[in-house]
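The numbers here are math on the coordinates, done by the rules we state, and not lab data. Just so you know, these numbers come straight off a predicted model, no measurement behind them. Don't worry about glycine lacking a Cβ; one is built from the backbone with ideal geometry, like all the others, and counts go over all protein chains shown.
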Amino acid sequence: MSTHIGAAAGEIAPTVLMPGDPLRAKWIAETFLEDARCYTEVRGMYGFTGTWHGERVSVQGSGMGQPSMAIYANELFTDYDVQSVIRVGSCGAMTSDLAVRDIVIASGACTDSSMNRIRFEGLDYAPVADFGLLRAAYDASRAVVGSTTSVHVGLIFSSDSFYPARPELAARMVEYGVLAVEMEASALYTLAAKHGRRALAICTVSDHLVTGEETSAQEREQTFGAMVDIALEAARSTSA
Ligand code: HPA
């Protein structure tokens, strides 16, 4: 087992879906996977491995925020030799080009976090998605949601604050093409690059920072399910 994941070597599949909420990890395992088995309950941050259409796949909670995501991503890459991580999360829309329940596939993730600034000693690194996973997820989205849900590919903003002291700073990012805000993708993309692995973040819009609109729990479950199907199909079609 690693410091924060109570799995034995080999218990985690090469491909891992990562929701922030560990109870979402449980829901994904119970709803989508066959023969799912829980491999860790350390700190209540559940992880499961099962199969989907015959392929082994794991689901691991990341917790909220980049420091928490970085702990789990680091251990998945270094202690369990995980090859691909697909974050499946929620985000807040920052522009009226998006609507609640839309899906955002993040091509890159800007951030206000100091994690990369410290790592690169003040230089700005541009954390980006793995192109193969990104393309596979976009292609899968056409089959999974068709025209029922808008799917956007573009930049997101990984914030360290759910309640930012100066929200206007993040809003400036919109002028430069940023679509939505969440709290984990930037650290995930950076760590995947460091370890030569693949990463992608797919998010459903749970709330709208411009209109104030929010989704109901039932709507969140429905759109979350479509996103999981997209992630699983992207994982399957890119697994070598
Ligand atoms: N801010 C940060 N993360 C989020 C939000 C938000 O408004 N909505 C969903 N994840």
* **Amide N of the range 1-34 lying under 14 Å from the label point, which is placed 7 angstrom from the Cα of Asp79 along Cα→Cβ** => 1-12
* Mind listing the long-range amide H neighbours of Asp160? Cut-off is under 5 Å, sequence gap 5 or more, other chains count too, H placed in the peptide plane at 1.01 Å from N. => Asp112, Ser113
* Structure fact -> Rounded to whole angstrom, the alpha-carbon centroid of the range 35-77 lies from that of the range 194-223 at a distance of 18
* Share, in percent, of DSSP beta bridges within the range 15-239 that are antiparallel, nearest 5 -> 40
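Under the √(5λ) rule applied to the eigenvalues of the Cα gyration tensor, what semi-axes describe the equivalent ellipsoid of the range 15-147? Give them in Å, descending. Provide the component values of the computation, followed by the final result.
Values: eigenvalues 120, 92, 43 Å².
Semi-axis lengths for the range 15-147 are 24, 21, 15 Å.
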* Could you calculate the contour length gain from Tyr163 to Glu11, that is, 0.36 nm times the residue separation minus the distance between their Cα atoms, to one decimal place in nm? => 51.0 nm
* Asked: Which percent of Cα pairs goes in each bin when the distances of the chain are cut into 10 angstrom slices starting at zero?
  -> 8, 35, 38, 16, 2
* Asked: If you plug each phi of the range 54-68 into the Karplus form 6.51 cos²θ - 1.76 cosθ + 1.60 with θ = phi - 60°, what whole-Hz ³J(HN,Hα) values come out, in order, with x for Gly and Pro?
  -> x, 9, 5, 8, 10, 10, 10, x, 10, x, 9, x, 5, x, 5
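Just in the range 126-232: which chymotrypsin sites (Phe, Trp or Tyr not before Pro) are loop by DSSP and have at most 10 other Cβ atoms within 10 Å?
On the way: sites: Phe131, Tyr138, Phe157, Phe162, Tyr176, Tyr189, Phe224; in loops: Phe162, Tyr176.
Here the sparse-neighbourhood loop sites are Tyr176.
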* Structure fact -> Mean-square fluctuation maximum in Gaussian network of the chain, Cα pairs under 10 Å, restricted to Gly54, Gly225, Gly92, hits Gly54
* Identify which of Val128, Val228, Val210 has the largest mean-square fluctuation in a Gaussian network model of the chain, with springs joining Cα atoms closer than 10 Å. => Val210
* To do: In whole Hz, with x marking every Gly and Pro, tabulate ³J(HN,Hα) for the range 111-118 from phi via Karplus 6.51 cos²θ - 1.76 cosθ + 1.60, θ = phi - 60°.
  => 7, 9, 6, 8, 4, 6, 4, 6
* Structure fact -> Lone Cys, the chain, Cβ cut-off 4.7 Å -> Cys38, Cys110
* Structure fact -> Counting as exposed only GluC sites (Glu not before Pro) in DSSP loop states with no more than 15 other Cβ atoms inside 10 Å, the longest exposed-site-free span of the chain is 42-120
